[in-house]
1. Please report the antiparallel percentage of the DSSP beta bridges confined to the chain, to the nearest 5.
2. Using 0.36 nm times the number of residues separating residue 33 and residue 138, minus their current alpha carbon distance, what extension gain do you get?
3. Expressed in whole Å with the largest first, what are the equivalent ellipsoid semi-axes of the chain derived from the C-alpha gyration tensor as the square root of 5 times each eigenvalue?
4. What is the antiparallel percent of DSSP beta bridges lying wholly in the range 80-159, to the nearest 5?
5. Expressed as a fraction of 2.2 N^0.38 Å, the rule-of-thumb size for a compact globular protein of N residues, what is the C-alpha radius of gyration of the range 99-170?
6. Give me the log10 of I(q) over I(0) for the range 124-166 at q = 0.15, 0.16, 0.29, 0.30 Å⁻¹, as the Debye formula computes it from C-alpha points; what are the numbers?
7. From Cα pairs below 8 angstrom and at least 6 apart in sequence, can you work out the relative contact order of the chain, rounded to a whole percent?
8. Let me have the 222 nm mean residue ellipticity of the chain computed from DSSP H runs of 4+ only, each contributing -39500 (n - 2.57), with the sum over all residues rounded to the nearest 500.
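What follows draws every value from the coordinates through simple rules; no lab data is involved. Treat the numbers as computed from the prediction; the structure is a model and nothing was measured. Ideal geometry is used to build each Cβ from the backbone, glycine not excepted, and the neighbour counts take in all protein chains shown.
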């Protein structure tokens, strides 16, 4: 079992990281975590070469991620919520999935061969709405061929209670881990 985690948080030990640490305790197999903030991944520059070739030409860590997307069984998107949306750096990483979009248009089928399961873990303080960020994350997972996605997991009001103490969310993470390992 191989799980790819796309972490959209800039805080290495923040609420998102704490929830991912909890998730790792319940997953088996290889776990590959990509940090939108700390791994070398450029945003799409709309050069459109992938439209012609089916391959992104930007030489960075995303090339390894494409290979992992091909082989993994699960993909998890984890992010704080900024203005009711995923973080900008995570959206930069997602922009590089444009190659899959063009691949589907050109070939009439999905360029990623292996279907996967997905999950979305969101963290937010204040009164923002997690639904918009969840919908975006599900769309991103779709482009990586996640056919089944676990319902939204969101630790909201982290300004009042840290995510690592949100028992309801911790329980949902355990259930999501079970779902991912079916």
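1. Here the antiparallel bridges make up roughly 5 percent for the chain.
2. That works out to 36.0 nm of additional length.
3. 27, 18, 14
4. In the range 80-159, DSSP labels about 10 percent of beta bridges as antiparallel.
5. With N residues counted in the range 99-170, Rg over 2.2 N^0.38 Å equals 1.40.
6. For the requested q values the scattering log ratios are -0.46, -0.51, -0.97, -1.00.
7. 27
8. -12000 deg cm²/dmol
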